[in-house]
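Below: one structure, written as structure tokens.
Each reported figure results from applying straightforward, stated rules to the coordinates on display, with no laboratory input. Predicted model only: the values in this text are computed from it and were never measured. Note that we place each Cβ from the backbone using ideal geometry, even for glycine, and neighbour counts take in every protein chain shown.
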Amino acid sequence: MLKLSPEVLVCGAGCAGLGAALAAARQGASTLLVERAPFAGGIITCAGLPYFDGIARKQDNRIVVRGIALELLTELGVAKMSDTHVARHNAPIHSVERFKLVADRLLTAEPKLQTLFHAFAVDVGRRGDRISHVVVATKAGLLRIEPKVVIDSTGDADVAARAEVPLDASKEYMPMSMHFRIGNVRQHPELRRLAREATTAGHQEGLYQSYYGPGLSFFFADDEAYVHAVRVTADATDPLDLTRAEMQGRHDAYAMWEVWKKRVPGFENSYFISSGPYLGIRESRRIVGEYVLTEHDIKDQKSFDDAVATGCWYLDLHPSYATAGTANVAPGALGGLDGFQPDHYDIPYRSLLARKVSNLLVAGRCHSATRMAASSTRVTVTAMAMGQAAGAAAAFCCAKGKTPQEIHGRDVRDILDRQHAGPFRGENAS
Ligand SMILES: Cc1cc2nc3c(=O)[nH]c(=O)nc-3n(C[C@H](O)[C@H](O)[C@H](O)COP(=O)(O)OP(=O)(O)OC[C@H]3O[C@@H](n4cnc5c(N)ncnc54)[C@H](O)[C@@H]3O)c2cc1C
């Protein structure tokens, strides 16, 4: 088996992983980033999601996360590094294809960073309390990676689960969604209402399993609808269930569009551009780390002396299902079962720290938080901020010859501060 020994291994190049890999490499650690897809970006490119939720406070569009998230928005022409506010609090981007190119350019610009696409982290070896190696499946066979520090940014805590760290025991998951795009749509004031009525009718006729909204957005072009409407229930960590869900999601997306094309004026000349390419997974495994962030911390705006990132999204929990794959719950309902909208809040370093394994950090939607807290921390920019913090921490550990367990979040925050990243510092911060 081919062996590689980077200082830092980042598994998953989604929102968190992109931030983690760039941060670690820029700080001088030799870094390997492995991603199962042929591009970086996670939900942004795997499902086509344009939103940078978590970049700014809802009430006044004040930027609360800078660093790599703001750099990406700057590269995409949506903001500038010197901005203190964005035009819309969720700062939608206008091209997912351009995002892929920007990510490729940033990744290849780092001499200390090597990226492997089509590379799936599948197994872990442990020696005592350390991960000794991670096995990555590629077209050339299995690779054995022996890093000093591992960052799990797979969204599903794949590495943490293989390393047998404590995981949240809940089997209750938010539904997944297959996003899709429809071309040649004629917008008019009644479009959304008519689409909603037709969607409800199609569901009652049994044409698709579930739905919500439909949210029709026109960010990519005036005649192109980008749609969040399909809801599928499954356990993303069960390969058979996930395969069934991908097929169900594709089927339901197409069936929904057929209903609109036949019944909704404005869709009569439309065509189906694409779905996916991957089903969007809102929730699966989370670690139970050194600190479990709770909704009370978010509601009380609790400050932590080891804060390394800032969140500001609302408690956005979609209706869940007691057992994955069971019948619909509340078809048509949107998310926000609690709906609490924080101003902004701290995310502590210890919520990225796995228990029982000394060289593992976990960033993104699988970090250590309750279900309700994670319904806010899971959004794209908050995941990027956690990733950047994990990457900075991992590089610092390598430079100091320490493990992530042996350093303090304050040291990580000092590094992030020097990079104009890290937690929000208040109104007078640039
Ligand atoms: C349907 C849907 C709609 C959403 N809507 C919004 C929204 O409007 N705004 C918003 O901000 N957020 C939204 N979210 C939430 C948000 O997008 C995600 O929670 C966020 O992307 C989390 O970032 P992440 O890096 O943890 O995970 P991801 O971005 O999912 O990245 C995980 C990456 O790891 C890769 N990977 C997985 N397993 C492995 C492995 N074993 N080996 C190698 N690579 C692996 C994946 O391919 C992926 O690239 C939505 C999520 C979903 C599912």
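Values for this structure:
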item: Which of 62, 413 has the fewest Cβ neighbours within 10 Å, and the rest in rising order; result: 62, 413
item: Cα centroid separation - the stretch 370-389 against the stretch 147-162, whole Å; result: 16
item: For residue 56, distant residues with modelled amide H under 5 Å away; result: 64
item: Neighbourhood charge, 15 Å Cβ-Cβ cut-off, centred on residue 372 and excluding it, Lys, Arg +1 and Asp, Glu -1; result: -1
item: Volume of the Cα convex hull of the stretch 41-176, divided per residue and given in Å³; result: 169
item: Span from the the stretch 18-35 Cα centroid across to the the stretch 195-253 one, whole angstrom; result: 35
item: For the chain, share of DSSP beta bridges that run antiparallel, in % to the nearest 5; result: 65
item: Convex hull per residue volume in Å³, alpha carbons only, for the stretch 180-275; result: 87
item: Most positive-pole-ward Cα, 265, 227, 248, against dipole of the stretch 221-272 from beta carbon charges; result: 265
item: Rg/Rh for the chain, where both radii come from Cα atoms and Rh is the Kirkwood radius; result: 0.96
item: From phi via Karplus (6.51, -1.76, 1.60), per-residue ³J(HN,Hα) for the stretch 366-373 in Hz, x at Gly/Pro; result: 9, 5, 8, 7, 5, 3, 5, 5
item: Given charges at Cβ of Lys, Arg, Asp, Glu: the chain dipole, positive-most of 177, 113, 392; result: 113
item: Net charge, residue 396 excluded, C-beta distance under 9 Å - Lys, Arg +1, Asp, Glu -1; result: +1
